[in-house]
Each structure stands twice: as structure tokens, then as C-alpha cells.
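What follows is a single structure, written as C-alpha cells, with notes after it.
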Amino acid sequence: MPQTSRSHLVLIPSYNPGPGVVATVQAARAQWSPVWVVVDGSTDGTAELLQSMAANDPELHVLVLPRNQGKGSAVLAGIEAAAAQGYTHALTMDSDGQHPADLIPSFMATSMAEPRAMVLGKPVFGPEAPALRVNGRKVSNGWANLETLWMGVGDSLYGFRVYPIAPLAKIMRRHRFMRRFDFDPEAVVRLCWAGVRPINVDAPVRYLSAEEGGVSHFKYLRDNALLSWMHARLFLGFLLRLPLLLVRRVFPGWLPASR
Ligand SMILES: Nc1nc2c(ncn2[C@@H]2O[C@H](COP(=O)(O)OP(=O)(O)O)[C@@H](O)[C@H]2O)c(=O)[nH]1
Ligand SMILES: [Mg+2]
């Protein structure tokens, strides 16, 4: 039986994942109620597929954005709607079967024990993981650790995470970037700056072959350019906040009145 919560929901942003999304959503539903999917302007027929699943499942909710806006925008639409219904925390996971649905209950339990923290998946790669992606994230992780003065971000890019909704929504409303592939690292850095402590938990990530239904919309040049621009922005923000971050390294838990 899936565990039911009225504070913590599973939120799945989804863009053209193909029919494999049914298995991903079923795996999440087997662990948790409720599960919300935000269809980000998909054109592969999965909006209709998911809506027909939701018609028979009151704990599955499908939001459809009329046009593609990017992962960050899809997450923001989901958390704004969830907050309006009283939810306080969202576990985000990808729609393409890469993330470990069986770990949803333990990630949620960690978040419930420490609701002010964010729970970050730390990827455990299998032998099939492309070296380009595994090594590429070391660069992003190096920058994220510098930008947060090593506050403890285990991985900057992995999207299997539990976020406290209020601080994330506040940050996203204030910053107009972090709407696409730059969402995950920018969210984690800015939440650290706002004093939200990261808790890292190991979580396997699977890279599925095309025959297994694997789909990725990651584009090496476009998305690495987006990440470089994002880290340039965050590095400037880091320089501005350096005194604050240094004080907080010495007095952990210290927060100024206005952030
Ligand atoms: N790339 C991409 N992903 C999106 C978008 N909107 C929502 N998503 C979802 O964000 C997640 C991550 O995208 P994915 O292409 O799998 O990236 P990868 O796992 O890093 O290769 C998936 O669940 C997508 O369905 C979008 O506009 N672009
Ligand atoms: Mg993926």
C-alpha cells in the first residue's frame, strides 16, 4: 500500500518521455500518495495517456502546461499549485524511469524528520552511465561547492530530491532564470544561500538504452552553455555573499533577519 501524506507529495515534471512514463508513474504511485505530474507541453501523446490514468486514480493529479517551458518552469507550476493545497514539501523525480521510485518513502521520512532541510539524491552510477555525463557533473559540482563554500552539496544536478516548497518558490519567483536545465543546480545553490541545509542520500540512477525506452532531452552543447552561464551568474552572487557565507561557516545556523 502506498503511504499517504498531506504535507509531502511526489512531483514529476515531464516532457515528451514516451510511453515509458506509465511505468514511472505507476512505480511512484506504488510508493506514495499523492503523485502529481506536470506535463510540460509534451507533444508525444503522454498528456492524454496520463490524464486517462488519473481519471481512475484520485491520488494521481496531472497538470498540463499548454506549451513547453522547461523543467524549472514545470516544477514551479507544480509547487505553486501544491502550496495552494497546503503541501509543504515536494519530492521531484524525472518522468523517464531513471530515478529510484523505491527510495521515495525513505527520502520522505528523512525530510519529515528534518523539514527545514532539503534532501538531495547523490547519484550512484551503474556501468552503463555515459562517461561524458558522469565527468561533466564533476565540473558543475566543483562550482556549486565553491559557490556555497562547501556547505555540503553532494551533487548539484541530480533531480531526485525533496525540497521545502516555501523557500524554493520564494527564490524562483525572485529569479527569472532557473527555468530549464539550469533549475537543479541553481535551486540547490540558492537554497544553501538562504540557509536551507542539504542532506545527501545515495540513490542509484539508471541510464536506459533507447531499446529500453530511454529518452533524454539533454543537448550537450546547448545545456552545457546554459550551465556555464548559470555558474557565471552564481559566482557573481557568491562574491556578493562571501562575507555572509564566511560568517555562517564560523557560526553555523546563523541567518540574517532579511534574506
Ligand atoms: N530536458 C527537459 N526536460 C524537461 C523539460 N520539461 C520537463 N522536463 C523533465 O525533466 C526531467 C529531466 O530531463 P531529461 O531530458 O531526462 O534530462 P537528463 O536526465 O539529465 O538526461 C525529465 O523528467 C523531463 O521529462 C524540458 O523542457 N526539457
Ligand atoms: Mg532523464
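Structure notes:
- Of note, Gly20 satisfies the criterion of being within 16 Å of ligand 2 (Cβ to nearest atom), touching a Gly at 6+ places or on another chain (Cβ under 6 Å) and either of a type in the set (Gly, Ala, Ser) or free of Cβ contacts under 8 Å to residues at least 40 places away in the same chain (or both).
- For the range 67-87, taking the residues that are within 16 Å of ligand 2 (Cβ to nearest atom) and among the hydrophobic types (A, V, I, L, M, F, W, C), the one that is nearest to Lys170 (Cα to Cα) is identified as Val75.
- Number of positions in the range 130-151 that are within 16 Å of ligand 2 (Cβ to nearest atom) and aliphatic (A, V, I, L, M): 2
- Once the range 81-111 is narrowed to residues that are acidic (Asp, Glu) and buried (at least 19 other Cβ atoms within 10 Å of the Cβ), the residue that is farthest from the chain's Cα centre (by Cα) is Asp96.
Matching residues to (1) within 18 Å of the chain's Cα centre (by Cα); (2) farther than 18 Å from Ile199 by Cβ; (3) not aliphatic (A, V, I, L, M):
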{"position": "Pro123", "(1), (2), (3)": "yes, no, yes"}
{"position": "Glu128", "(1), (2), (3)": "no, yes, yes"}
{"position": "Leu149", "(1), (2), (3)": "no, no, no"}
{"position": "Asp155", "(1), (2), (3)": "yes, no, yes"}
{"position": "Tyr158", "(1), (2), (3)": "yes, no, yes"}
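- Criterion: within 16 Å of ligand 2 (Cβ to nearest atom) and at pLDDT 95 or above - qualifying residue of Met93, Met108, Met118: Met93
- Close Cβ contacts (under 7 Å, 6 or more residues apart or on different chains) running from residues in the range 87-98 that are under 13 Å from Pro34 (Cα atoms) to residues that are in a loop (DSSP other than H, G, I, E, B) and within 9 Å of ligand 1 (Cβ to nearest atom) comprise Thr92/Gly159.
- Scope the range 17-34; condition surrounded by fewer than 24 Cβ atoms within 10 Å (Cβ to Cβ) and under 18 Å from Glu211 (Cβ atoms); matching residues: Gly18, Pro19, Gly20, Val22, Ala23, Thr24
- Count of the range 134-163 residues which are of a type in the set (A, V, I, L, M) and either closer than 16 Å to Leu120 by Cα or not in a helix (DSSP H, G or I) (or both): 6
- Considering (1) away from ligand 1 (no atom under 11 Å from the Cβ); (2) more than 18 Å from the chain's Cα centre (by Cα), the lone condition that Asp44 does not fulfil carries the number (1).
- Identity of the residue in the range 47-62, surrounded by fewer than 21 Cβ atoms within 10 Å (Cβ to Cβ) and in contact (Cβ under 8 Å) with a residue 24 or more places away in the chain, that ends up nearest to the chain's Cα centre (by Cα): His61
- Qualifying residue in the range 218-231 (condition: within 16 Å of ligand 2 (Cβ to nearest atom), on the phi < 0 side of the Ramachandran plot, touching a Phe, Trp or Tyr at 6+ places or on another chain (Cβ under 7 Å) and charged (D, E, K, R)): yes
- Gly78 modelled with pLDDT of 95 or more and under 14 Å from the mean Cα position of the chain (by Cα): yes
- A count restricted to the range 124-163 and to residues that are of a type outside the set (D, E, K, R), more than 16 Å from ligand 1 (Cβ to nearest atom), more than 25 Å from Ala101 (Cα to Cα) and in contact with a helix residue (DSSP H, G or I) (Cβ under 9 Å, 6 or more places away or on another chain) stands at 6.
- Qualifying residue in the range 135-153 (condition: of a type in the set (Asp, Glu), at pLDDT 95 or above and more than 21 Å from Leu63 (Cβ to Cβ)): yes
- The range 160-179: number of residues that are buried (at least 18 other Cβ atoms within 10 Å of the Cβ) and within 17 Å of His89 (Cα to Cα): 11
The values are calculated or read from the model by the stated rules, or taken from the named source; none is laboratory data. Note that the structure is a prediction, hence the values are computed from the model and not measured. For neighbour counting, all protein chains shown are included, and Cβ atoms are generated from backbone atoms with ideal geometry for every residue, glycine included.
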